[in-house]
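Please read the structure below before turning to the comments.
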Amino acid sequence: FKYDSAGSFSEGLAAVLLYEKWGYIDKTGKEVVPLIYDSAGSFSEGLARVKLNSKWGYIDKTGKEVIPLKYEWAHPFFEELAAVQLNGKCGYIDKNGFEVIPFKYDSTYKFSEGLAGVQLNGKWGYIDKTGKEVIPLKYNGDMDFVVNRFSEGFAAVHYGLWGYIDKNGTEFFE
């Protein structure tokens, strides 16, 4: 018991905080990534998002920076893509750091079952991994997220009231 905070183990490593800096330990307690970061997330699909000097990027399990720390915000990788923010707009990158879906959204959500919730001009909808809008951006509300990830073929969405849609956008509000 020596850390100021500690995350759960994910892919064999856990993020730990000591003296206001984050790094990673293995299950033996050995420090495998130095405690140098301002913030650190769990590993997901082999990479972890880390923050240093107000910028986010990604490291591998050896601590090697594989995607530069240049983003204003970064989400974990899900289904091979990560939602990130650059110059005030959100888009998606792959594990090589290449822009896969353009930075044009106001907010984004992680991919699940091949779809991700995105927000543009106050309206939420869903896109596929090519960036194609597959469920119209029409859902809104006064909460940060008015669409949730798909699970077992359905997602909860807010459209005046909460209800569910399937992956075709068919609404089930009864």
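Within the accessible surface of the chain, defined with a 1.4 Å probe on protein heavy atoms only, the carbon and sulfur portion equals 50 percent. The relative contact order of segment 12-61, computed from alpha carbon pairs under 8 Å that lie at least 6 residues apart in sequence, is 26 percent. Over segment 73-174, accessible surface divided per residue gives 52 Å², non-protein components excluded, 1.4 Å probe. Kirkwood radius for the chain, taken over all pairs of different Cα atoms as the inverse mean of 1/r, rounds to 17.1 Å. A DSSP coil position with no more than 13 other Cβ atoms inside 10 Å describes the following trypsin sites (Lys or Arg not before Pro) in segment 49-91: Lys64.
Can you return the lysines within cross-link range of Lys70? Criterion is Cα-Cα under 21 Å, with same-chain partners fewer than 8 residues away left out. Output for Lys70: Lys21, Lys51, Lys55, Lys61, Lys89, Lys95, Lys104, Lys110. Over all other residues within a Cβ to Cβ distance under 15 Å of Lys167, the charged ones net out to -4, with Lys and Arg as +1 and Asp and Glu as -1. Counting only heavy atoms of the protein chains and using a 1.4 Å probe, Glu31 has close to 100 Å² of accessible surface.
In straight-distance terms, cross-link reach from Lys167 covers every one of the aspartates and glutamates whose alpha-carbon lies under 18 Å from its own, apart from those fewer than eight places away in the same chain; here that gives Glu79, Glu113, Asp128, Glu133, Glu152. When the Gaussian network model of the chain links Cα atoms closer than 10 Å, the mean-square fluctuations of Leu161, Leu17, Leu115 top out at Leu161. Taking every C-alpha pair closer than 8 Å and separated by at least 6 residues, the mean separation divided by the residue count of segment 29-174 gives a relative contact order of 11 percent.
Comparing Asn53, Asn140, Asn148 in a Gaussian network model of the chain where C-alpha atoms under 10 Å apart are linked, the largest mean-square fluctuation is found at Asn53.
Assign one of three labels to segment 32-129, namely rounded, prolate or oblate, based on the Cα gyration tensor with a ≥ b ≥ c the square roots of its eigenvalues; rounded applies when a/c is under 1.5, prolate when it is not and a/b is larger than b/c, and oblate otherwise. Verdict is prolate for segment 32-129.
The values are calculated or read from the model by the stated rules, or taken from the named source; none is laboratory data. From a predicted model like this one, the values you see are computed outputs, not experimental measurements. As a convention, Cβ positions derive from the backbone with ideal geometry for all residues, glycine included, and neighbour counts pool all protein chains shown. Note: accessible area is taken over every heavy atom of the protein model, side chains too, but ligands, DNA and RNA are not part of it. Shrake-Rupley method; radii C 1.70, N 1.55, O 1.52, S 1.80 Å.
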